[in-house]
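The values are calculated or read from the model by the stated rules, or taken from the named source; none is laboratory data. Small disclaimer: the values here were computed from a predicted structure and weren't measured. Heads up, the Cβs are rebuilt from the backbone with ideal geometry, glycines too, and the neighbour counts pull from every protein chain shown.
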Amino acid sequence: MELVLATRNRHKVSEIRAVLQGLKMTIRTLDDFPAVTEVEEDGATCRENAIKKARIVAQESGKLALADDTGLEVQALAGRPGVHSSRFAGEQATFSDNRQKLLQEMKGVPGLKRKAWFRCVIALASPALVLAVEEGVLPGTIAVQEQGQEGFGYDPVFLLLGRGKTLAEVPPEEKNRISHRAIALAKMKRHLGRLFS
């Protein structure tokens, strides 16, 4: 049995593989299916984007597909960057560009108003229908400067509650237990376990 991860992001692939290990399936990625359309993430929510990606990749690959969409929601910015997290600083923005824009917009915002949370929505689809959708949320705050070398995306500016560390300062194996993606994947793993047992 095969499962296609609807991503080319190697960081996401390694995190997903780590959480899903133990299931009797072969995990493939979009790199194995070069003819699959590059899905435009134009949904109004992470949920819409995850479902759209899973559906299209399942239909075009002819296999079960797992897609996620993740957003960083910052209270002081009225929930931004949210669904636009990967393009916060522009369409061709790098992870670093996005972090710098966020830190700039948060300049002068006091500690108590720096609350934020990561939201990850994961969808599982067959070529015919959407089988399951799960969500994980990780609360935290926005740091005043980047800290740590691990992870990717906004990890170096996302402080874990009560830890005094960013997500980029915890080892990958710990992140794979506590992150928003890990929370959503743990829920999804139950659905996958029924299919791949």
Which ranges mark the strands (runs of 3 or more DSSP E) fully within the stretch 85-197 that have 3 or more residues being closer than 26 Å to residue 41 by Cβ? 115-125, 130-142
Tally, over the stretch 64-84, of residues that are closer than 21 Å to residue 181 by Cβ and in a loop (DSSP other than H, G, I, E, B): 4
Within 24 Å of residue 29 (Cβ to Cβ), of a type in the set (Asp, Glu) and at pLDDT 95 or above - does that describe any residue in the stretch 74-94? no
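Identify, from the list 92, 59, 100, the residue that is under 30 Å from residue 194 (Cβ atoms) and not hydroxyl-bearing (Ser, Thr, Tyr).
59
Here's the yes/no breakdown for (1) touching a Lys or Arg at 6+ places or on another chain (Cβ under 8 Å); (2) surrounded by 18 or more Cβ atoms within 10 Å (Cβ to Cβ):
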site: 52; (1), (2): no, yes
site: 55; (1), (2): no, yes
site: 76; (1), (2): yes, no
site: 87; (1), (2): no, no
site: 104; (1), (2): no, no
site: 107; (1), (2): no, no
site: 113; (1), (2): no, no
site: 122; (1), (2): yes, yes
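Look at residue 142 and say whether it is more than 21 Å from residue 7 (Cα to Cα) and buried (at least 20 other Cβ atoms within 10 Å of the Cβ).
Working: more than 21 Å from residue 7 (Cα to Cα): yes; buried (at least 20 other Cβ atoms within 10 Å of the Cβ): yes.
Yes, satisfied.
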Quick check on the stretch 180-197: of everything there that is small (Gly, Ala, Ser) and farther than 26 Å from residue 139 by Cα, which residue is modelled with the highest pLDDT? 193
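Condition test on residue 13, is it of a type outside the set (Asp, Glu), under 29 Å from residue 173 (Cα atoms), part of a helix (DSSP H, G or I) and in contact (Cβ under 8 Å) with a residue 12 or more places away in the chain?
Values: of a type outside the set (Asp, Glu): yes; under 29 Å from residue 173 (Cα atoms): yes; part of a helix (DSSP H, G or I): yes; in contact (Cβ under 8 Å) with a residue 12 or more places away in the chain: yes.
It is true that residue 13 is of a type outside the set (Asp, Glu), under 29 Å from residue 173 (Cα atoms), part of a helix (DSSP H, G or I) and in contact (Cβ under 8 Å) with a residue 12 or more places away in the chain.
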The stretch 145-197 - residue that is among the aliphatic types (A, V, I, L, M) and more than 24 Å from residue 21 (Cα to Cα) and, of those, surrounded by the most Cβ atoms within 10 Å (Cβ to Cβ): 157
If the Cβ limit is 7 Å and pairs must be 6+ apart or interchain, which residue in the stretch 81-108 that is in contact (Cβ under 8 Å) with a residue 40 or more places away in the chain and among the β-branched types (Val, Ile, Thr) pairs with which residue that is surrounded by 16 or more Cβ atoms within 10 Å (Cβ to Cβ) and not in a loop (DSSP other than H, G, I, E, B)? 83/46; 83/49; 83/71
In contact with a helix residue (DSSP H, G or I) (Cβ under 6 Å, 6 or more places away or on another chain) and over 22 Å from residue 20 (Cα atoms) - does that describe any residue in the stretch 118-139? no
Residue pairs within 6 Å by beta carbon, gap of at least six or interchain, first lying in the stretch 41-64 and closer than 16 Å to residue 86 by Cα, second assigned to a helix (DSSP H, G or I) and polar (S, T, N, Q), listed first then second, are 41/49; 43/49
Exactly one of (1) crowded, with 19+ Cβ neighbours inside 10 Å; (2) assigned to a strand (DSSP E or B) is unmet by residue 28. Its number? (1)
